[in-house]
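J.: Below are the structure tokens for one structure; questions will follow.
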Amino acid sequence: MTHAATAHHTSMGLDSRKMAFWAFIGSECLLFGSLISTYLIYKGKSVVGPYPHEILNIPFTSVSTFDLLMSSLMMVLALAAVQRGDMKWGKIWLFSTALLGLIFLGGQVIEFTEFVHKGLTLQTNLFGCTFFVLTGTHGAHVAVGVLWLLTLWVRALQGKLGPGNATTVEITGLYWHFVDVVWIVIFTVVYLIQ
Amino acid sequence: MKSWLTTTDHKRIGLLYFWTAFGFFLIGGIEALVIRAQLAQPNGHLVSAETYNQLFTMHGTTMVFLALMPLSASFFNYIIPLQIGARDVAFPRLNAFSYWVFLCGGLFLNASWVTGPLFHAGILNVAPDAGWFGYANLTERQFSPGPNIDFWLLGLQILGISSLAAGFNFIVTILNLRAPGMKMMRLPTFTWMALITQFLIITAFPVITVALVFLMFDRFFGTHFYVHEAGATPLLWQHLFWLFGHPEVYILILPAMGIVSEVLPTFSRKPLFGYPVVVYSGILIGFMGWGVWSHHMFAVGLGPIADSVFAATTMLIAVPTGVKIFNWIATLWGGAIRGTTALHFAVGFIAMFIIGGLSGVTHASPPADLQQTDTYYVVAHIHYVLFGGTIMGLFAGIYYWWPKMTGRLLSEALGKWHFWLQFVGMNLAFFPMHFIGLLGMPRRIYTYGPELGVSDLNLVSTVGAFLIGLAILVFLFNMWWTSRRGRPASNDPWGGATLEWSIPSPPPVYNFSVIPTVAGRLPRWRTERHEPIQDPPAVPPAPIHVPGGSWWPLVAALGLPVMALAALTQTMWVVFVGVALLLFGIYRWAFEPFEV
Amino acid sequence: MLRYRWWLTSVALWLLGCGGPYPQSTFAPRSDFARASDVLFRDIFWWAVVVFIVLETLLLFAIIRFRHREGRAEPKPTHGHTILEIAWTLAPAVILVFVAVPTVRTIFTTAGDVPPDALKVEVVGHQWWWEYKYPDLGITTANEMHVPVGKSVQVAITSADVIHSFWAPVLGGKRDAIPGRVNYIAFRADSTGDYSGQCAEFCGASHGNMRLRVLVDRDSAFQAWVDDEKAAPALPPKASLAEQGKTVYSRSACIGCHTIQGVSPGIIGPNLTHVGSRTTIAAGLFPNDSAHLARWIADAPSLKPGALMTRMQPPLTDADIAALVAYLQSLK
């Protein structure tokens, strides 16, 4: 994805990779839409506990959510730095974004482990099934994003990422912001509205 | 060999799609013939109940996902860049990736026929056997303990990735790589219908992916997404499946409608009647296709209000479809019609699609549908739509674009034989099914008693099916014969209006020596608004950069069946091999120098 | 020729509305529910015929009349015609209104509502047989449902395992039997008879073998059947073959799955309390006679692929099977 972005003529005037990515995000909306709908349809249908209100730790997850929001801010800063050719700060912000993503994932690992200790696994009840598959799919998206960000960071360290790759960083940002927005929805639907 | 494995040329990928899909089409056809042989007589015992269930499951799955969709994809690949005046698709390597993933998925699914011994079962024992619709909770481990359903759900997930990747690629290609002057409302109708199809693909496939992921978790990790004892409902599957499934019907039919909308104008020497209406009705069908899914579920008992609403939306979708039919007839009206084989198939499409559409209206009405659904009446309906419709349309496309794709004309005489055998065969095969169903024979039963009184009708249907088989043999012979003796095709054997006819057959690797500038919707015809464009010169005035091949799409694609294999055999370490292969492929792909 | 004859006969039979040799024909309705569907279908069918004739005639006319001929002028490049477009958008829409209105009306008249005195029957789909319970009468039976003629019947449909679909075409449309959910249909049969049907939703290996019968009886016959069913199972006479059969039954695996009132409480397979009074066995597959019963008991999966009643291990002797058959046949 990071080969030199030559400025091709395009009929819509929008970079082809960016357009493809918007289409991808549209498609992902349907993916998460189906997962979230299923969560909502099966809400309150579990026949045995633990139930959401017994187990969800809202303060803890609020911190995670804040962490992910901050990572989106870092992403904005990273893109701005790369666009103006400031690769020193570009590297710093890219790494911070990835680091905050990693912290979010760590939070998810802690949360999942705690739930399992409290008796909620994938198999326990419908809440377990829908919760773990929904948040797990989101977590997998964050993991891919972290991998992607770290790749860019390494490229930057090697001096192979410059302002010429701004579009690549922008697309990474699109992905990252999308994953962040999805989390806001999940946080609202799963944690806040019980 | 290497050049085919690493190719990123849309034309070569188009041919790969064609041959692979056609191979699967033959396999699906043979499955259908065995099914018909079993049903030729009451109490048939050619195959066992278990084998029969695998046959009809694989017939449906193969025809939908491995034959019709990829045959359309073959034309998307070959024709769209030529129609919009582009040198390739937007992402040539992603295109190669789509193909290899499709091939892997298709082989993976079909491997289930012969790999029984690996699972301590016989050959012909572990192929998917719960129908192409795979209704939960029959697909749960409790009721389907073997690897059959695992093959199905993993194979379909692989194929979904292929379709999605191709979807993004073609959306961008069509929107972004149009030649100068090729405004959206100047796009050839086939390309327009392809664009709508791609939007349907990228929105519908995530939904079935989620449904399949739930099923996978239920089967492998003991979740309860479709288990009613845990408070869930197996109906979740039906809602998700048909939310995907109805747009999927339009994914199958819209490309054929696009082909017909190209063939009719060319051979009646008249522009498509009401081009904007045909385009907008296509878009409307695409949208409305999302609001009708529960008409597959009238027998489920959703209640009179839901039934009424879905009956109404379903009837409504008949309006834009009807409009298209009128516009096609009006296109022929007043034309100078040349009865080529391609035109035969296109007219056959309209004639048969009318029947399929009208029987569709009879089961848009829930009380009538309660007597029809899950019977042979619906089998008749879908075959009038998908065989009489899509396959007729695809054959129109094959006869129309074959000279462009191979440089040789197919024999018109053999083509007519093919058409008439297929036309008579399909009506013999599928028309009696209307009666078979209304006389009370459910579908998906491996045997029926003589007392039902449908034995003779079934025999007629079987004879028709074998006539179709004969028609396909004639076509195979036509392909083989003309590949050696066929007349070489000029740039434009038919007098077509669109850009693909302005360049040699088959086109050079760069397609257009000079990218044309388009002034109207029918660039190669003289109209009141513009003169025909000049064909590009035979020799490019300046050297043209052509992207080289790449191994990495193939390597990345191979990661997916490896992961699926790991799931199938439940060996964790193999999963990591698959992931590693995929990641390795993607990284090398991302960082190799590749100029588009 | 064959095709011609059968189309003609099929169409003729339909027009006559005659069941005749087609026991599952939807053209021979025998209840209000089936009649409503049939009337609606005929309505829509004739609209479809009209549209079919109009469209196919236009198409045929166009391809014949406008064939390319040497010397004919180039066609006029018409691009469209607004009024025509509007006309052929509106025309189908108007026809569809004529279809939609009776459709919605029939949806509500066939929604499964019944008067309070209706006979209630609960249907439970199993792989691959049907269980019928009459909650108000205290009857449990299998595969053959009895209902009185001319009386409203409400059928409550569910499933014990996977999704099935209950369908007796001459009495009305099908409804899915879904685990964890109850669906209703209602009908009033208008003539007596032995009507057949079968499972309409693919449900596994023997989906094709999951048949059923609905026997519509005159009131007196229905009452007699109810009385028989409510009675305790017949006791085989002392020292008869049937009594030996009862002993075999009681010491074999049979009791784990089958109920015979007062003998065994199994609930996995069909209730056999009055199995001798049924006309068929194995979900309508075979006549209820000694030969078929014997083969069925010895090796059910060979007659019905996937049947959960596996071959008895160790196998029963021929003498045991003969005794069992005699016993089951005595359970009138």
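J.: All but one of (1) part of a helix (DSSP H, G or I); (2) surrounded by 24 or more Cβ atoms within 10 Å (Cβ to Cβ); (3) among the aromatic types (Phe, Trp, Tyr) hold for B:Phe423; which doesn't?
T.: (2)
J.: So, one more: Between a residue in region C:198-216 that is facing another protein chain (nearest Cβ under 8 Å) and any residue that is of a type in the set (Lys, Arg) and in a loop (DSSP other than H, G, I, E, B), which pairs come within a Cβ distance under 7 Å, given they are 6 or more apart or on different chains?
T.: Every condition considered, the pairs that remain are C:Ala200/C:Lys174; C:Phe202/B:Arg444; C:Ser206/C:Lys304; C:His207/B:Arg444; C:Asn209/C:Lys304.
J.: Please go through region C:158-172 and pick out each residue that is at the interface with chain B (Cβ under 8 Å from one of its Cβ atoms) and either of a type in the set (Ser, Thr, Tyr) or surrounded by 24 or more Cβ atoms within 10 Å (Cβ to Cβ) (or both). If you could, list the steps in order and put the result at the bottom.
T.: Of the residues in region C:158-172, the ones at the interface with chain B (Cβ under 8 Å from one of its Cβ atoms) are C:161-163, C:165, C:167, C:169, C:172.
Result: C:Val162, C:Ile163, C:Ser165, C:Trp167, C:Pro169, C:Gly172.
J.: Let me ask something additional. As an exercise: evaluate A:Ile41 against (1) within 29 Å of B:Leu215 (Cβ to Cβ); (2) among the hydrophobic types (A, V, I, L, M, F, W, C); (3) surrounded by fewer than 17 Cβ atoms within 10 Å (Cβ to Cβ); (4) away from chain B (no Cβ under 14 Å) and give the number of the one condition it does not meet.
T.: (4)
J.: Kindly establish whether C:Lys246 is out of contact with any Lys or Arg (no Cβ under 6 Å at 6 or more places or on another chain), closer than 17 Å to C:Asn143 by Cβ and basic (Lys, Arg). Before the answer, list the steps.
T.: Working: out of contact with any Lys or Arg (no Cβ under 6 Å at 6 or more places or on another chain): yes; closer than 17 Å to C:Asn143 by Cβ: no; basic (Lys, Arg): yes.
So C:Lys246 does not fit the description; no.
J.: I've got another one for you. If B:Ala194 satisfies all but one of (1) touching a residue at least 12 places away in the same chain (Cβ under 8 Å); (2) assigned to a helix (DSSP H, G or I); (3) within 10 Å of another protein chain (Cβ to nearest Cβ), what's the number of the condition it fails?
T.: Of the numbered conditions (1) touching a residue at least 12 places away in the same chain (Cβ under 8 Å); (2) assigned to a helix (DSSP H, G or I); (3) within 10 Å of another protein chain (Cβ to nearest Cβ), the odd one out for B:Ala194 is (3).
J.: Here's a follow-up. When region C:263-280 is examined, which residues are found to be under 22 Å from C:Val226 (Cβ atoms) and touching a residue at least 40 places away in the same chain (Cβ under 8 Å)?
T.: Answer for region C:263-280, where residues must be under 22 Å from C:Val226 (Cβ atoms) and touching a residue at least 40 places away in the same chain (Cβ under 8 Å): C:Pro270, C:Asn271, C:Leu272, C:Thr273, C:His274, C:Val275, C:Gly276, C:Ser277, C:Arg278, C:Thr279, C:Thr280.
J.: Determine whether A:Thr151 is surrounded by 18 or more Cβ atoms within 10 Å (Cβ to Cβ), over 15 Å from the mean Cα position of the chain (by Cα) and part of a helix (DSSP H, G or I). I'd like the intermediate steps shown before the answer.
T.: On the way: surrounded by 18 or more Cβ atoms within 10 Å (Cβ to Cβ): yes; over 15 Å from the mean Cα position of the chain (by Cα): yes; part of a helix (DSSP H, G or I): yes.
For A:Thr151, the condition - surrounded by 18 or more Cβ atoms within 10 Å (Cβ to Cβ), over 15 Å from the mean Cα position of the chain (by Cα) and part of a helix (DSSP H, G or I) - is met.
J.: Tell me the residue from A:Leu14, A:Leu100 that is surrounded by fewer than 20 Cβ atoms within 10 Å (Cβ to Cβ) and either within 14 Å of chain B (Cβ to nearest Cβ) or part of a helix (DSSP H, G or I) (or both), please.
T.: Details: A:Leu100 fails: surrounded by fewer than 20 Cβ atoms within 10 Å (Cβ to Cβ).
From the options A:Leu14, A:Leu100, the qualifying one is A:Leu14.
J.: For region C:72-79, indicate whether the set of residues that are part of a loop (DSSP other than H, G, I, E, B), under 30 Å from C:Asp161 (Cα atoms) and either at pLDDT below 95 or more than 8 Å from chain B (Cβ to nearest Cβ) (or both) is non-empty.
T.: At the first step, the residues of region C:72-79 found to be part of a loop (DSSP other than H, G, I, E, B) are C:72-79.
Retained after the next criterion (residues that are under 30 Å from C:Asp161 (Cα atoms)): none.
Checked region C:72-79: no residue is part of a loop (DSSP other than H, G, I, E, B), under 30 Å from C:Asp161 (Cα atoms) and either at pLDDT below 95 or more than 8 Å from chain B (Cβ to nearest Cβ) (or both).
J.: Could you say which residue among C:Thr57, C:Thr89, C:Thr103, C:Thr26 is within 25 Å of the chain's Cα centre (by Cα), outside any loop (DSSP other than H, G, I, E, B), among the polar types (S, T, N, Q) and at pLDDT 90 or above? Walk me through how you get there before you give the answer.
T.: Details: C:Thr57 fails: within 25 Å of the chain's Cα centre (by Cα); C:Thr89 fails: within 25 Å of the chain's Cα centre (by Cα); C:Thr26 fails: outside any loop (DSSP other than H, G, I, E, B).
Exactly one of C:Thr57, C:Thr89, C:Thr103, C:Thr26 is within 25 Å of the chain's Cα centre (by Cα), outside any loop (DSSP other than H, G, I, E, B), among the polar types (S, T, N, Q) and at pLDDT 90 or above, namely C:Thr103.
J.: If I ask for residues that are at the interface with chain B (Cβ under 7 Å from one of its Cβ atoms), closer than 14 Å to B:Trp333 by Cβ and not charged (D, E, K, R), which ones from region C:37-67 would you list? First the steps, then the outcome.
T.: Taking region C:37-67 first, the residues at the interface with chain B (Cβ under 7 Å from one of its Cβ atoms) are C:37, C:40-41, C:44-45, C:48, C:51-52, C:55-56, C:58-59, C:62-63, C:66-67.
From what's left, closer than 14 Å to B:Trp333 by Cβ: C:55, C:58-59, C:62-63, C:66-67.
C:Leu55, C:Leu58, C:Leu59, C:Ala62, C:Ile63, C:Phe66 - these are the residues of region C:37-67 that are at the interface with chain B (Cβ under 7 Å from one of its Cβ atoms), closer than 14 Å to B:Trp333 by Cβ and not charged (D, E, K, R).
J.: Here is a list of conditions, (1) farther than 23 Å from B:Trp293 by Cβ; (2) surrounded by fewer than 22 Cβ atoms within 10 Å (Cβ to Cβ), and B:Met216 meets all of them except one; can you say which number that is?
T.: Evaluating B:Met216 over (1) farther than 23 Å from B:Trp293 by Cβ; (2) surrounded by fewer than 22 Cβ atoms within 10 Å (Cβ to Cβ) leaves (1) as the failure.
J.: Can you list residue pairs whose Cβ atoms sit under 6 Å apart, with the first residue in region B:205-224 being facing chain A (nearest Cβ under 7 Å) and the second being among the polar types (S, T, N, Q)? Count only pairs 6 or more apart in sequence or on different chains.
T.: Going by the 6 Å Cβ cut-off, the qualifying pairs are B:Pro206/A:Ser27; B:Val207/A:Ser34; B:Val210/A:Ser34; B:Phe217/B:Thr223; B:Gly222/A:Gln123.
J.: Which count do you get for residues in region B:257-312 that are part of a helix (DSSP H, G or I) and either small (Gly, Ala, Ser) or touching a strand residue (DSSP E or B) at 6+ places or on another chain (Cβ under 8 Å) (or both)? Spell out the reasoning first.
T.: Step one: filter region B:257-312 for residues part of a helix (DSSP H, G or I), giving B:257-268, B:275-291, B:293-300, B:304-312.
So of that shortlist, the ones also either small (Gly, Ala, Ser) or touching a strand residue (DSSP E or B) at 6+ places or on another chain (Cβ under 8 Å) (or both) come out as B:258, B:261, B:267-268, B:281-282, B:286, B:289, B:291, B:294, B:299-300, B:306, B:308, B:311-312.
Residues that pass the stated criteria total 16.
J.: Take residues that are within 17 Å of the chain's Cα centre (by Cα), touching a residue at least 40 places away in the same chain (Cβ under 8 Å) and more than 14 Å from chain C (Cβ to nearest Cβ) and tell me which of the helices (runs of 4 or more DSSP H) falling wholly in region B:354-412 contain 3 or more. Show your work before the answer.
T.: Working: elements: B:366-372, B:376-385, B:392-406.
The helices (runs of 4 or more DSSP H) meeting that bar are B:392-406.
J.: Same structure again: Could you check B:Gly339 against (1) under 20 Å from B:Gly495 (Cα atoms); (2) assigned to a helix (DSSP H, G or I) and say which number it fails?
T.: In the conditions (1) under 20 Å from B:Gly495 (Cα atoms); (2) assigned to a helix (DSSP H, G or I), B:Gly339 misses (2) alone.
J.: Return yes or no: is C:Ile95 within 10 Å of chain B (Cβ to nearest Cβ), under 22 Å from B:Ala336 (Cα atoms) and not aromatic (Phe, Trp, Tyr)?
T.: Details: within 10 Å of chain B (Cβ to nearest Cβ): yes; under 22 Å from B:Ala336 (Cα atoms): no; not aromatic (Phe, Trp, Tyr): yes.
Spelling it out, it is not the case that C:Ile95 is within 10 Å of chain B (Cβ to nearest Cβ), under 22 Å from B:Ala336 (Cα atoms) and not aromatic (Phe, Trp, Tyr).
J.: Against the definition (surrounded by 15 or more Cβ atoms within 10 Å (Cβ to Cβ), within 14 Å of another protein chain (Cβ to nearest Cβ) and touching a residue at least 24 places away in the same chain (Cβ under 8 Å)), how does B:Pro507 come out, yes or no?
T.: On the way: surrounded by 15 or more Cβ atoms within 10 Å (Cβ to Cβ): yes; within 14 Å of another protein chain (Cβ to nearest Cβ): no; touching a residue at least 24 places away in the same chain (Cβ under 8 Å): yes.
Against the criterion (surrounded by 15 or more Cβ atoms within 10 Å (Cβ to Cβ), within 14 Å of another protein chain (Cβ to nearest Cβ) and touching a residue at least 24 places away in the same chain (Cβ under 8 Å)), B:Pro507 does not qualify.
J.: Could you pull out every one of the helices (runs of 4 or more DSSP H) wholly within region B:1-97 that has 3 or more residues that are free of Cβ contacts under 8 Å to residues at least 40 places away in the same chain? Please lay out each step first, then the result.
T.: On the way: elements: B:2-5, B:10-39, B:49-61, B:69-83.
In region B:1-97, B:10-39 are the helices (runs of 4 or more DSSP H) which contain 3 or more residues that are free of Cβ contacts under 8 Å to residues at least 40 places away in the same chain.
J.: Another question about this same structure. Give me the pairs: first residue in region A:135-157 and touching a residue at least 24 places away in the same chain (Cβ under 8 Å), second residue among the basic types (Lys, Arg), beta-carbon distance under 6 Å, and six or more apart or on different chains, which are they?
T.: A:Ala156/A:Lys91
J.: Still on this model: Output the residues belonging to region B:103-141 that are in a loop (DSSP other than H, G, I, E, B) and either aromatic (Phe, Trp, Tyr) or without any contact (Cβ under 8 Å) to a residue 24 or more places away in the chain (or both).
T.: First, the residues of region B:103-141 that are in a loop (DSSP other than H, G, I, E, B): B:112-115, B:120-141.
Scanning region B:103-141 gives B:Trp113, B:Val114, B:Thr115, B:His120, B:Gly122, B:Ile123, B:Trp132, B:Phe133, B:Tyr135, B:Leu138.
J.: Looking only at region C:173-197, filter to residues that are surrounded by 24 or more Cβ atoms within 10 Å (Cβ to Cβ) and more than 7 Å from every other protein chain (Cβ to nearest Cβ); which one of those is nearest to B:Tyr376 (Cα to Cα)?
T.: At the first step, the residues of region C:173-197 found to be surrounded by 24 or more Cβ atoms within 10 Å (Cβ to Cβ) are C:173-178, C:185, C:187, C:189, C:195, C:197.
When the remaining residues are screened for being more than 7 Å from every other protein chain (Cβ to nearest Cβ), the result is C:177, C:185, C:187, C:189, C:195, C:197.
On the way: C:Ala177: 20, C:Ile185: 22, C:Phe187: 24, C:Ala189: 25, C:Tyr195: 20, C:Gly197: 15 Å.
Per the criteria, the residue is C:Gly197.
J.: Looking only at strands (runs of 3 or more DSSP E) that fall completely inside region C:152-263, which ones have 1 or more residues that are at pLDDT 95 or above and either more than 14 Å from C:Val123 (Cα to Cα) or acidic (Asp, Glu) (or both)?
T.: Working: elements: C:152-159, C:164-166, C:175-177, C:183-188, C:193-198, C:211-217.
So the answer is C:152-159, C:175-177, C:183-188, C:193-198, C:211-217.
J.: Here's something else I'd like to know. Considering region B:563-592 alone, what residues qualify as being under 30 Å from A:Lys160 (Cβ atoms) and surrounded by fewer than 17 Cβ atoms within 10 Å (Cβ to Cβ)?
T.: B:Phe576, B:Val577, B:Val579, B:Ala580, B:Leu583, B:Phe584, B:Tyr587, B:Arg588, B:Phe591, B:Glu592
J.: Mind listing just one residue for me: the one in region C:265-317 that is of a type in the set (S, T, N, Q) and in a helix (DSSP H, G or I) and, of those, nearest to C:Gly245 (Cα to Cα)?
T.: Restricting attention to region C:265-317, the residues satisfying the condition of being of a type in the set (S, T, N, Q) are C:271, C:273, C:277, C:279-280, C:288, C:290, C:302, C:310, C:313, C:317.
Checking the rest, the ones that are also in a helix (DSSP H, G or I) come to C:277, C:290, C:302.
Working: C:Ser277: 17, C:Ser290: 13, C:Ser302: 23 Å.
Among those that are of a type in the set (S, T, N, Q) and in a helix (DSSP H, G or I), it is C:Ser290.
J.: Answer yes or no as to whether A:Gly26 is outside any helix (DSSP H, G or I) and either surrounded by fewer than 17 Cβ atoms within 10 Å (Cβ to Cβ) or of a type in the set (Gly, Ala, Ser) (or both).
T.: no
The values are calculated or read from the model by the stated rules, or taken from the named source; none is laboratory data. Keep in mind that what you see is a predicted model, and the values were worked out from it rather than measured. A quick note on method: Cβ atoms are made from the backbone with ideal geometry, for glycine too, and the neighbour counts reach across all protein chains shown.
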